[in-house]
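All remarks here apply to the structure that follows.
The values are calculated or read from the model by the stated rules, or taken from the named source; none is laboratory data. The structure displayed is predicted, hence computed values, not measured ones. Every residue, glycine as well, gets a Cβ built from its backbone with ideal geometry; the counts of neighbours run over all protein chains shown. Quick note on the areas: whole protein, heavy atoms, side chains included, nothing else; ligands and nucleic acids left out. Shrake-Rupley method; radii C 1.70, N 1.55, O 1.52, S 1.80 Å.
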Amino acid sequence: MRTRKPLTVAAVAKNLGALVLAVVFVFPVYWMFSSSLKPQHEIMTKDPVFVFTPTFENYKTATGVDLFWTYVTNSLTVTIGAVVLALVVALAASFAIARLKFKGRKGIVLIVMMAQMAPWEVMVIAMYMISRENDLLNSIPMLTLIYFVMVLPFTIWTLRGFIAAVPVELEEAAQIDGCTRGQAFRKVIFPLLAPGLMSTSLFGFITAWNEFAMILMLNKDKESQTLTLWLTQFQTAFGSDWGATMAASTLFALPVLVVFLFLQRKAVGGMTAGAVKG
């Protein structure tokens with residue numbers, strides 16, 4: 001039997017430091033969620049209230065906004081559409097960059113890196129002009145296309161690294177056994193890319209789900225807006241309705257949390273399955 005090593009001062013210090021960091025990062029989330037369940041007078045009190053009787057009135061106020069389910073549908077449509085398009089295009093592009101040798105390959109990699117580093121906010125005016133000239137303002141398909149372009153560079157760059165990490169000998173062995181290049185990619189390489197697909201999907205989902213500047217400028221029509229603008233609606237003649245705002249923020253963060261938990265589990269399973277199939 002193994003005997004446990006006694007904890008050293010350094011180990012205790014590291015654990016305490018990790019605990020402090022965890023509390024610092026988790027506390028704002030806890031405070032947002034707890035505030036969403038408090039009456040307004042307990043939110044605005046000078047002394048923090050930690051023990052209270054929960055109420056769901058703030059959630060009723062948040063979801064009672066006109067066109068709430070339209071905002072939900074629009075957000076899911078543009079986010080999922082952008083992520084799926086980015087994965088399909090990036091998978092082909094990253095495979096070409098990682099496996100094929102052609103003229104201009106390094107230039108394409110440089111362009112992808114530059115596109116990833118550039119802040120997309122500087123493109124708002126250009127995107128607005130393009131959308132207006134083509135009569136695509138207040139258009140969900142146009143917004144989906146813009147979000148797709150926003151998440152594509154990171155997706156290509158990340159998947160390129162995952163594909164390059166797969167030994168080329170596996171692909172060559174499959175081709176020797178009679179597989180075409182496409183079959184070798186589908187049966188050997190693709191299962192090993194599950195962790196990369198999951199991580200890039202998560203990043204793309206968060207990026208598109210949280211985007212605010214583009215939707216603010218391009219979609220003025222309420223029926224074409226998303227949940228990011230829904231969060232700005234809880235202003236009254238007496239100030240901000242913080243209870244409804246916290247409830248809306250909790251609901252807004254919930255899909256990201258669900259996607260994260262789902263993709264994290266799938267990513268671990270994909271790594272195992274890929275290793276077995278390899």
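Points worth noting:
- Carbon/sulfur fraction of accessible area - the stretch 58-174, other protein chains in place, 1.4 Å, %: 71 percent
- Per-residue ³J(HN,Hα) for the stretch 83-91, Karplus 6.51 cos²θ - 1.76 cosθ + 1.60, θ = phi - 60°, Hz, x for Gly and Pro: 5, 5, 4, 5, 5, 5, 5, 5, 4
- Binned Cα-Cα distance frequencies in the stretch 84-183 - 5 Å width, integer %: 2, 11, 17, 18, 16, 13, 9, 6, 4, 3, 1
- At a probe radius of 1.4 angstrom, the accessible area of the chain per residue rounds to 61 square angstrom.
- If you take all other residues with their beta carbon under 15 Å from the beta carbon of VAL112, and give Lys and Arg +1 and Asp and Glu -1, the sum is +3.
- Among residues other than MET246 with Cβ under 14 Å from its Cβ, the summed charge is -1 (Lys and Arg +1, Asp and Glu -1).
- Under a Gaussian network description of the chain, with springs only between Cα atoms under 10 Å, the residue in TRP31, TRP120, TRP242 that fluctuates furthest is TRP31.
- The label-point distance for GLN175 and HIS41, in a model that sets each label 7 Å from Cα toward Cβ, rounds to 7.6 nm.
- Exposed loop sites, defined as trypsin sites (Lys or Arg not before Pro) outside DSSP H, G, I, E and B with at most 12 other Cβ atoms within 10 Å, are absent from the longest region of the chain, namely 104-219.
- Think of the chain as a dipole: +1 on every Lys or Arg Cβ, -1 on every Asp or Glu Cβ, centred on the Cα centre; then among GLY81, GLN233, GLN264, GLN264 lies furthest on the positive end.
- Neighbourhood net charge (14 Å Cβ-Cβ; Lys/Arg +1, Asp/Glu -1) for MET217: -1
- Charge dipole of the chain about the Cα centre (unit charges at C-beta), most positive-ward option of MET44, LEU145, GLY178: GLY178
- Links that overshoot a 29 Å alpha carbon limit, given the list LYS60/LYS220; LYS14/LYS46; LYS106/LYS220: LYS14/LYS46; LYS106/LYS220
- Solvent-accessible area, 1.4 Å probe, carbon plus sulfur percent, for the stretch 185-254: 68 percent
- Calculated P(r) of the chain - Cα pairs past 32 Å, %: 45 percent
- For the chain, built as a Gaussian network whose Cα springs stay under 10 Å, the top-fluctuating residue of ILE163, ILE80, ILE108: ILE108
- Evaluated with a Cβ-only charge set (Lys, Arg +1; Asp, Glu -1), the chain carries a dipole of roughly 1340 debye about its Cα centre, given to the nearest 20.
- Subtracting the Cα-Cα distance of VAL49 and ILE206 from 0.36 nm times their residue separation leaves 53.4 nm of extension gain.
- Centre-to-centre, using Cα atoms only, the stretch 1-80 and the stretch 95-150 are separated by 34 Å.
- Most fluctuating residue given options PHE102, PHE154, PHE68, as computed from a GNM of the chain linking Cα atoms under 10 Å: PHE102
- Test item: Cα-centred dipole of the stretch 14-141, Lys/Arg +1 and Asp/Glu -1 on Cβ, debye: 940 debye
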